[in-house]
Each structure stands twice: as structure tokens, then as C-alpha cells.
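Single-structure report; data block below.
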Amino acid sequence: MIYLSKIRNKIIQDQKQLEKVIEKWASENKKIVFTNGCFDIIHRGHIEYLSKAADYGDVLVIGLNTDDSVSRIKGPHRPIQDEVGRAHIMAALEFVDLVIYFNEDTPYDLIKQVQPDVLVKGADYNAEDIVGYDIVMAKGGQVKTLKFLPGHSTSAIEAKIKLAD
């Protein structure tokens, strides 16, 4: 139960709890890295992306789309795994320090609250177009884009599963 407890403690349920953690990290001069996504079927591409993101700072915060927001963004057939399961998988990764849900279509308000030092997204975005760019740059932070690992995507896995039926 020790490991399960550690995993569950990384999943933040409310804004007040988030504020306490962020204040603690700020007092410790921790460099906060933030990224977000659905993370529906975890694959090697996610692991490489997230581990590289974590290397940009001291702590990695994941903004995790709720089931409702995933459905709005990806369509009614998604998510494949529910938000609780996805959060537990993300929190189980050693380089992830915090997972918090957001229900909006973008994590803008969450980024405003977290005030990360580094914002990371995939290289399919231009840095200036990334949601939260203005927030991070205004505080003197960095916005980084990371290339995806070719051939590793949730959509490709989903298509392969459908072909196997």
C-alpha cells in the first residue's frame, strides 16, 4: 500500500490543495515544468516526451483532461480509459510529481494558477501559439516544444486495434 499511497498523493483533487503544493515548491525554489494532455493510452512516445519535459526543471506537473473534455476534443469514442485510471498511470511515473484534472478545452486557467517556469508541448505547435505562452513568458519563463517519436501515437494504436478486430 505504500506505493499506491504515493501514487494517490500525486493526484490533486482541488485548487486549494494545488495552491499549497505550488507555494511549497516556490519556497524551495523549485523550477516547475508544466505540460498537459489526454494521455489516453500511454505508449513509448508519451514516456519519452514526459521524461524529456521533466528534465527541464525540478518538478513536473501534468494537467490531465477530464473525460468530458477529452470527448469534446477527440470525439465521443474517447477517452478509452477513464480519467481516474489515466491519472493513476501518470502519477505512477517516477518523473511525474503532480497530476491535476482540468475540464476546460484548454489548460489556460490551470497554467495561470500553477505559474510554471517552463511550459512544454509537442513540436506540432509553434511556441507562440501554445496556450499559456503569454503567462510563462510574462514571468520570464521558457516555452519548449518537443518532437514526437515517429510511429508512436494513441491514434495509431487505436487504428491498429480496430484492424485486429
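Which of the residues belonging to the stretch 13-36 are modelled with pLDDT under 95 and closer than 30 Å to Ile157 by Cα?
Result: Gln13, single match.
What number of residues within the stretch 34-50 satisfy the criterion of being touching an Asp or Glu at 6+ places or on another chain (Cβ under 9 Å) and over 17 Å from Pro107 (Cβ atoms)?
1
Could you go through the stretch 136-150 and let me know if any residue there is open to solvent by 50 Å² or more (accessible area, probe 1.4 Å), among the aliphatic types (A, V, I, L, M) and more than 13 Å from the chain's Cα centre (by Cα).
Scanning the stretch 136-150, I find at least one residue that is open to solvent by 50 Å² or more (accessible area, probe 1.4 Å), among the aliphatic types (A, V, I, L, M) and more than 13 Å from the chain's Cα centre (by Cα), so the answer is yes.
Of all residues being in contact with a Phe, Trp or Tyr (Cβ under 8 Å, 6 or more places away or on another chain) and open to solvent by less than 20 Å² (accessible area, probe 1.4 Å) in the stretch 13-34, which is farthest from Ile161 (Cα to Cα)? Just the residue, please.
The extreme case among them is Ile32.
Let's see how each residue does on (1) more than 14 Å from the chain's Cα centre (by Cα); (2) crowded, with 18+ Cβ neighbours inside 10 Å; (3) among the aromatic types (Phe, Trp, Tyr):
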{"site": "Asn103", "(1), (2), (3)": "no, no, no"}
{"site": "Gln115", "(1), (2), (3)": "yes, no, no"}
{"site": "Val118", "(1), (2), (3)": "no, yes, no"}
{"site": "Glu158", "(1), (2), (3)": "yes, no, no"}
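Within the stretch 57-64, identify whether any single residue is touching a helix residue (DSSP H, G or I) at 6+ places or on another chain (Cβ under 7 Å) and among the small types (Gly, Ala, Ser), and answer yes or no.
Yes, the stretch 57-64 has at least one match.
The values are calculated or read from the model by the stated rules, or taken from the named source; none is laboratory data. These figures come from a predicted structure and were not determined experimentally. Counting neighbours? That spans all protein chains shown, and the Cβs are built from the backbone with ideal geometry, glycine included. When the accessible area is computed, the model is the full protein with side chains, heavy atoms only, and any ligands, DNA or RNA have been set aside. Shrake-Rupley method; radii C 1.70, N 1.55, O 1.52, S 1.80 Å.
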